[in-house]
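*Asks:* Pasting a structure below so you can have a look.
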Amino acid sequence: MKTIYSFLFLLAFFAIQAEAQEVNYELEQPFPNVSITQLLGLEAPVNGSTYIYLLSQPGQIYRLDIAAESPQAEVWLDISGRLISGGERGLLGLAFHPEFEQNGRFYVNYTASSPLRTVISRFTADEDGNGDPNSEEVLLEFNQPFANHNGGQISFGPDGFLYIASGDGGSGGDPQNHGQNPQTLLGAMLRIDVDNINVGLAYAIPEDNPFVGSPDGANEIYAWGLRNPWRFSFDRESGVLWTGDVGQNAWEAIHTIENGLNYGWNILEGSNCYPAGTNCDPTGLELPVFEYNHNQGDRSITGGYVYRGSANPSLFGKYIYGDFISGRIWALDYDLENEEFISNTELINTPFNISSFGEDANGEIYVLSYGNGRIYRFVPEVDEPEIPEVPEITSPENGDLVTSLHTVMWTPSELAESYRIQISSNSEFESPEIDEMVTEEEFTSDMLPDGWYYVRVNAKNEAGVSDFSEVINYEVRFPVSVDPEDELPKVFALHGAYPNPFNPSAQISFSIPESGNVRLQVYTSDGRLVSTITDQHFSAGRHQVTMNADALASGVYLVRGIMGNTTDVLKVTVVK
């Protein structure tokens, strides 16, 4: 039995150790043509059939063949005339006998009126396999003092007995103290044997029910102290019975139900004394394996299933449950053997009221929406790859003069796996001189003939190819030094830098009309001298020298050329 101290420790542990979600999930509608009014349940016989059965609160059971090409729901049984529906009343539970394929027997839990009561009945399928409304055998009835907290889930356990979830009778705070009174069938988990009969009953009492032969409680009770156990299930692998128990004002609880245990309501709400702020003695009371409060808008737990399917392996062995009010769904990872909390992970925040969960013959879990009557199931969320952004060419710029050995540079894209660069002598890029795939954000062109060229770049990854960048038009000219006897420039002039912007170096081109000393110096934009490129004698003609930016920071600089009484200035940009 868990102590209140160990459980509070687990809650503190959870507060600081919430597990990061490794796989994101979304919900898909596997049966888009199906919408059931006030959908409350989904059940599948254990015989391996491809049919699932859907429970409608007003009194209908629908059958759906999930193997059909376009599944359609058909009314399989209609007992709407025998029950009262609305609020928390109506057709609330359905269970198929473990030998349904041979005997055709199935069981329902519904609310009847005059007097207001819970009815547990057995029906039998007819020769055509449809539910026969005329085959009803009432097994058990017990009165409901109020219109809410009817519980409603019924299910066969691994032991072959029928389990019945019963709420505390309703109103608020359990005013008639049914939860702590095992003489009543309210506020309890009941268990009966539907394959045998005891004298005076339409069923038999399992011999190990806790109050058999005792005046201290009703023979049908298996466990008690529950408020409103809305939706329970058996783990198909371990056989453990899990339930969500809807709280009063502050706490929603998850229990694993065991024979003969008292789960505390209305002494406790979850693991907390009720009413809040009072002192209570939890001795002898079984505490939840997990609980959550109402602080984030979660106000009504909907019990689910331990996942044992194969489609979502990261959920295997975790208890999947939700909240009717908030629409959130979680996966609780709890080590029952060691009574150790591991994690509670939010899977998805839905926009609808989660009335129930369902499990098909393969262990796949479905989520049921009360408002729109739709059925959903989990699928891993796959991130669709995005096409890279369009690159932007940063060098050369429109109209630049470059040498035949030059480098084209562009902005990188985090999504790109490769780039395609085209350099063409015509703007239509017909038979371009260069058409290459590269993985870096630059490409060096070697020995293009003198002339004007157009360049463009795109980016590619597994998702596709981006558009081409804006086209840049620039001039290529082979670098030469002009002999004095050739046609000479008329004045000293700085012609340009390539590449520009650059890193780590650029070629500075200049021409002089006659031989002489040329000094090239680099200044910051505010006039501070930072380096000298050259200060030496050159012959008349056109020349290139290298500007090294290793010692410079990113920014705009001025290259000032001086020859005699003549100066010229060139603006360059260093990008690191």
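*Asks:* I need the shape label for the stretch 4-380. Rule: rounded when a/c is under 1.5, else prolate if a/b > b/c, else oblate, with a, b, c from the alpha carbon gyration tensor.
*Replies:* Working: a/c = 1.58, a/b = 1.09, b/c = 1.45.
Oblate, because a/c is 1.5 or more while a/b does not exceed b/c.
*Asks:* Another one. In terms of the Cα gyration tensor, with a ≥ b ≥ c the square roots of its eigenvalues, is the stretch 434-576 rounded because a/c is under 1.5, prolate because a/b exceeds b/c, or oblate? Don't skip to the answer; put the middle values down first.
*Replies:* Working: a/c = 2.97, a/b = 1.62, b/c = 1.83.
The shape class here is oblate.
*Asks:* First select every other residue whose beta carbon is under 14 angstrom from the beta carbon of VAL119; then total the charges, Lys and Arg +1, Asp and Glu -1. Intermediate results must be reported in sequence, preceding the final value.
*Replies:* Numbers: positive: ARG82, ARG89, ARG117, ARG122; negative: GLU136, GLU137, GLU141.
Computed value for this residue: +1.
*Asks:* Taking the chain as the reference, fit the longest principal axis to its C-alpha atoms, fit the long axis of helix 4-16 to the helix C-alpha atoms, and give the angle between the two in degrees, 0 to 90, nearest 10.
*Replies:* Value to nearest ten degrees: 20.
*Asks:* Residue farthest toward the positive end of the dipole of the stretch 246-305, with Cβ of Lys/Arg at +1 and Asp/Glu at -1: which of LEU268, ASN293, CYS280?
*Replies:* ASN293
*Asks:* Which shape class applies to the stretch 167-319: rounded if a/c is under 1.5, otherwise prolate when a/b exceeds b/c and oblate if not, where a ≥ b ≥ c are the square roots of the Cα gyration tensor eigenvalues?
*Replies:* Numbers: a/c = 2.12, a/b = 1.11, b/c = 1.91.
Taking the square roots of the gyration eigenvalues as a ≥ b ≥ c, the stretch 167-319 is oblate.
*Asks:* For the chain, what is the charge dipole size about the Cα centre, in debye to the nearest 20, if Lys and Arg each add +1 at the Cβ and Asp and Glu each add -1 at the Cβ? Show your work: numbers first, answer last.
*Replies:* Working: 28 positive and 81 negative charges, 334 e Å.
In debye, rounded to 20, the chain gives about 1600.
*Asks:* Here's another thing I want to ask about it. Given the peptides 192-198, 222-228, arrange them by the average over their residues of other C-beta atoms within 10 Å, most packed first.
*Replies:* Per-residue mean Cβ counts within 10 Å order the peptides as 222-228, 192-198.
*Asks:* Taking 8 Å as the Cα distance limit and 6 or more residues as the minimum spacing, I'd like the relative contact order of the chain as a percentage. Intermediate results must be reported in sequence, preceding the final value.
*Replies:* Values: 1551 pairs, mean separation 53.5, N = 576.
Relative contact order, the chain: 9 percent.
*Asks:* Based on the Cβ-Cβ distance of VAL390 and SER531, what FRET efficiency does E = 1/(1 + (r/R0)^6) give at R0 = 35 Å, to the nearest 0.05?
*Replies:* Values: r = 37 Å, r/R0 = 1.05.
So, using R0 = 35 Å, E works out to roughly 0.45.
*Asks:* In percent, what relative contact order does the stretch 393-476 have, based on Cα pairs under 8 Å that are 6 or more apart in sequence?
*Replies:* Details: 191 pairs, mean separation 31.4, N = 84.
Normalised by residue count, the contact order of the stretch 393-476 is 37 percent.
*Asks:* Set Lys and Arg Cβ to +1 and Asp and Glu Cβ to -1, take the dipole of the chain about its Cα centre, and tell me which of VAL46, VAL491, ILE329 lies farthest positive.
*Replies:* Most positive-ward Cα: ILE329.
*Asks:* Averaging over every viewing direction, what projected area does the convex hull of the Cα atoms of the stretch 393-476 cover, in nm²? Show your work: numbers first, answer last.
*Replies:* Numbers: hull surface 20.0 nm².
Reported value for the Cα convex hull: 5.0 nm².
*Asks:* Dividing the convex hull volume of the Cα atoms of the stretch 493-574 by its residue count, what figure in Å³ per residue is obtained? Kindly include the intermediate steps, with their values, before the conclusion.
*Replies:* Working: hull volume 6.3 nm³, N = 82.
It is 76 Å³ per residue.
*Asks:* Then there is this: Hey, can you grab everything whose amide H is under 5 Å from the amide H of TYR321? Only 5+ residues off in sequence or another chain; H modelled, so Pro and N-termini drop out.
*Replies:* Excluding prolines and chain starts, which carry no amide H, the hits are TRP330, LEU332.
*Asks:* If you don't mind, another one. Once fully extended, how much extra length lies between ASN33 and GLU99, figured as 0.36 nm per residue of separation less the alpha-carbon to alpha-carbon distance? Numbers along the way, then the final one.
*Replies:* Values: separation 66, 0.36 × 66 = 23.76 nm, distance 3.06 nm.
Between ASN33 and GLU99, full extension yields an extra 20.7 nm.
*Asks:* Going by average Cβ neighbours within 10 Å, how do the peptides 28-38, 207-217 rank, with the highest at the top? Mind showing how you got there, number by number?
*Replies:* Values: 28-38: 15.1, 207-217: 13.3.
With the highest mean Cβ count within 10 Å placed first, the list reads 28-38, 207-217.
*Asks:* Which of the aspartates and glutamates could a cross-linker bridge to LYS576, judged by Cα under 15 Å and excluding same-chain residues fewer than eight apart?
*Replies:* List returned: GLU441, GLU442, ASP550.
*Asks:* Work from the charge dipole of the chain (Cβ charges, +1 for Lys and Arg, -1 for Asp and Glu, about the Cα centre) and give the residue of TYR376, PRO396, HIS178 farthest towards its positive end.
*Replies:* Final value for the positive-end residue is HIS178.
*Asks:* What number, in percent, do you get for the relative contact order of the stretch 493-574 if the mean sequence gap of Cα pairs under 8 Å and at least 6 apart is divided by its residue count?
*Replies:* 35
*Asks:* Where the only charges are on Cβ atoms (+1 Lys, Arg; -1 Asp, Glu), what is the dipole of the stretch 493-574 about its Cα centre, to the nearest 20 debye?
*Replies:* Numbers: 5 positive and 5 negative charges, 15 e Å.
The dipole magnitude comes to about 80 debye.
*Asks:* Among ARG528, ARG299, rank each residue by its count of other Cβ atoms within 10 Å, from fewest to most, as a rough exposure measure.
*Replies:* Details: ARG528 9, ARG299 16.
Fewest-to-most ranking of ARG528, ARG299: ARG528, ARG299.
*Asks:* Please arrange LYS576, LYS318 by counting, for each residue, the other beta carbons lying within 10 Å of its beta carbon, fewest first. Walk me through the numbers on the way to the answer.
*Replies:* Working: LYS576 12, LYS318 22.
Fewest to most other Cβ atoms nearby, the residues stand as LYS576, LYS318.
Each value in this text was obtained by applying a stated rule to the coordinates, not by laboratory testing. Keep in mind that what you see is a predicted model, and the values were worked out from it rather than measured. Quick reminder, even Gly has a Cβ in these numbers, built from the backbone with ideal geometry, and neighbours come from all protein chains shown.
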